[in-house]
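Engineer: Can you read through this structure? Questions will come right after.
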C-alpha cells in the first residue's frame, strides 16, 4: 500500500530539509489516490501531467530560494464543482458529462500563485445537494474509517481524500454544512469562511446567498494556511467582500486565556443527538476551559426554524440557478424534436433524483400564490436568526456546538427518507443563513467513529475560532489519529 501523505506542516518541513521533493510528493499522492480509489471512490479524476509540471517548477523555485508561500509544492485536491481550465467539471451530474471548463476559478488562480499543486478533483453529491456523497453520477464516496459508512456531504470526496492521506489539503464548498459535516464524519478539520471572504467566481452555484468555498485539512493551522492563500476581494464576484483578508495563521498562538465560549442552550439538549457525541463535545469544551477559556450559556431562540428556513431558501435559489442547464449551451443534450421536448428530456435524463426534488421544491416556493407564504417568510426568519447570533456574540467570542447529531451513518441508511437526511445539517445550516465563519474539528470518538466539535465566529473573524481550534489541538491527539488504512 502506498504510504499516506502527512500534514502540511510535516511535508513543508520535509521539503525544507531536502528529505523529499515536490515531484516525489505528487507521485506519492497520485499513487495513493489510485490505490484507494476502488475502496473509497473519493476522486473523479487526476491531473497527473499538469501536476508533474507544477511540481517540477516548485522544486526549481525551492532550489533558487524563491518560494511563493507555505503551500509551494504541496499537493492539493479540488471539489468537482470548482472550475479549472482544461478539466472536466461534472458537479457529480450526468447533465455536465463532457463539459470542460474554459477558465480557472479565482481560488484555482490563487492556489497557482501560491505554488500549490492541484493533483486531483474530488467526488461530491450532485451539484453539492446532499449530506452523504451518495447522490453522484460517479457513484458514492465511502468513509476511510469504515467503507460501509458515508463520509458526509456534499464535500465527501475532499474530506475522504484528506482523511485517507491522498492529499494533505483540499478545497470544498459549504452551503449548509458541506465542509464541516464531512470533516466531522472523517475525523479532520474543515472551515467555512465568512460569506464573501473567499471568491465564488468559478464555483458552480447551488444557492448563491449561502455557498462558500473553504479548506479541509488535518488541523486548524493547515486550514488557516490554505485560507490565507485563497481569501480576499475579487472584482469578478459581486458578493466578494471588499475588505482585505488579514492573515489568520499568525493569530494561532496557542493562547486562549479569557476567550469566552458560548454554549447555545437550544443545541445542548438530549433529544435528537447521540449521547456519546454530546459527551465528547462537552469534554472538548471542558478541555478548552482548562486551556484558559471561559464558558457561558447563550440562546439562539430561532434556531429551531433553521432547517425549514434553509431548505426553503436553498431550494428556491437552486431552482433559479439550475435553470441554465437546458441542453442548449453546454453539457448533456437529449436528441429530440422541439424546444419544449428538448428541455424536458435533457433535464429528466441529466438530473438525479435529489436534484429534481430540490428543483421542484424551490420552484413551488417561488410560484405565484406561494412566494409570500414560503420564500418571503423564510427570509424574515433568516433575519431573526442573524439577530440571535448578534445578541449571543455580545456576550461571547465563539459559539460551540456539535457539528452533527451523530457519527457517520451507513451508506443507504437514509436514502429513502430525505427529511431524516436533511436533519443531518441541523447544527450547521445556521452559520450559512447568518453568513458566519465556522470550523469543525475532531474532538473524540463514539463507537470507533470520529465526532466533530463546531466553533462559530463573528462575521469576518475566522481567526478566533481557528485560534481556539488550534489551541485545543495542541493539547489533544484526536486530529492525529488516522483511519486503519491510512497509517
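The values are calculated or read from the model by the stated rules, or taken from the named source; none is laboratory data. Please read these numbers as outputs of a predicted model, since none were measured by experiment. No Cβ is skipped: glycine too gets one built from the backbone with ideal geometry, and neighbour counts run over all protein chains shown.
Engineer: Go through segment 134-149 and count every residue that is within 12 Å of residue 408 (Cα to Cα) and either free of Cβ contacts under 8 Å to residues at least 60 places away in the same chain or crowded, with 24+ Cβ neighbours inside 10 Å (or both).
Structural biologist: First, the residues of segment 134-149 that are within 12 Å of residue 408 (Cα to Cα): 142-149.
From the residues that got through so far, the ones that are either free of Cβ contacts under 8 Å to residues at least 60 places away in the same chain or crowded, with 24+ Cβ neighbours inside 10 Å (or both) too are 142-145.
Final tally of qualifying residues: 4.
Engineer: Which ones in segment 233-249 are without any contact (Cβ under 8 Å) to a residue 24 or more places away in the chain and either touching a helix residue (DSSP H, G or I) at 6+ places or on another chain (Cβ under 9 Å) or within 18 Å of residue 171 (Cβ to Cβ) (or both)?
Structural biologist: The one that is without any contact (Cβ under 8 Å) to a residue 24 or more places away in the chain and either touching a helix residue (DSSP H, G or I) at 6+ places or on another chain (Cβ under 9 Å) or within 18 Å of residue 171 (Cβ to Cβ) (or both): 247.
Engineer: Here's something else I'd like to know. Residues of segment 375-434 being part of a loop (DSSP other than H, G, I, E, B) and out of contact with any helix residue (DSSP H, G or I) (no Cβ under 7 Å at 6 or more places or on another chain), which ones? Give the derivation first.
Structural biologist: Applying the first criterion (part of a loop (DSSP other than H, G, I, E, B)) to segment 375-434 yields 394-397, 403-409, 411-417, 426-428.
Listed by number, the residues that qualify are 394, 395, 396, 409, 411, 412, 413, 415, 416, 417, 427.
Engineer: For residue 327, all conditions in the list (1) assigned to a helix (DSSP H, G or I); (2) closer than 30 Å to residue 367 by Cβ; (3) in contact with a helix residue (DSSP H, G or I) (Cβ under 7 Å, 6 or more places away or on another chain) hold save one; what is the number of the exception?
Structural biologist: Exception for residue 327: condition (1).
Engineer: Just to be sure, is residue 392 touching a residue at least 60 places away in the same chain (Cβ under 8 Å), touching a strand residue (DSSP E or B) at 6+ places or on another chain (Cβ under 8 Å), over 21 Å from residue 180 (Cα atoms) and surrounded by fewer than 22 Cβ atoms within 10 Å (Cβ to Cβ)?
Structural biologist: Values: touching a residue at least 60 places away in the same chain (Cβ under 8 Å): yes; touching a strand residue (DSSP E or B) at 6+ places or on another chain (Cβ under 8 Å): yes; over 21 Å from residue 180 (Cα atoms): yes; surrounded by fewer than 22 Cβ atoms within 10 Å (Cβ to Cβ): yes.
Judged against the criteria, residue 392 is a match.
Engineer: Quick check: is even one residue across segment 250-264 surrounded by fewer than 19 Cβ atoms within 10 Å (Cβ to Cβ), part of a helix (DSSP H, G or I) and either under 16 Å from the mean Cα position of the chain (by Cα) or at pLDDT 95 or above (or both)?
Structural biologist: yes
Engineer: One residue is enough: does segment 115-122 have a residue meeting the conditions under 15 Å from the mean Cα position of the chain (by Cα), in contact (Cβ under 8 Å) with a residue 12 or more places away in the chain and under 30 Å from residue 335 (Cβ atoms)? Talk me through it step by step, then tell me what you get.
Structural biologist: From segment 115-122, those under 15 Å from the mean Cα position of the chain (by Cα) are 121-122; that's our starting set.
Pick out the ones that are also in contact (Cβ under 8 Å) with a residue 12 or more places away in the chain and you get 121-122.
Checking which are under 30 Å from residue 335 (Cβ atoms) leaves us with 121.
Yes.
Engineer: Sticking with this one: In the list 14, 3, which residue meets the criterion of being outside any helix (DSSP H, G or I) and either crowded, with 22+ Cβ neighbours inside 10 Å or touching a helix residue (DSSP H, G or I) at 6+ places or on another chain (Cβ under 9 Å) (or both)?
Structural biologist: Numbers: 14 fails: outside any helix (DSSP H, G or I).
Within the list 14, 3, the selection yields 3.
Engineer: So how many residues does segment 286-298 have that are surrounded by fewer than 19 Cβ atoms within 10 Å (Cβ to Cβ) and either under 26 Å from the mean Cα position of the chain (by Cα) or not in a loop (DSSP other than H, G, I, E, B) (or both)?
Structural biologist: Going residue by residue through segment 286-298, those that are surrounded by fewer than 19 Cβ atoms within 10 Å (Cβ to Cβ) are 286-287, 289-292, 294-297.
Then drop every residue that is not either under 26 Å from the mean Cα position of the chain (by Cα) or not in a loop (DSSP other than H, G, I, E, B) (or both), which leaves 286-287, 289-290, 294-297.
So the answer is 8.
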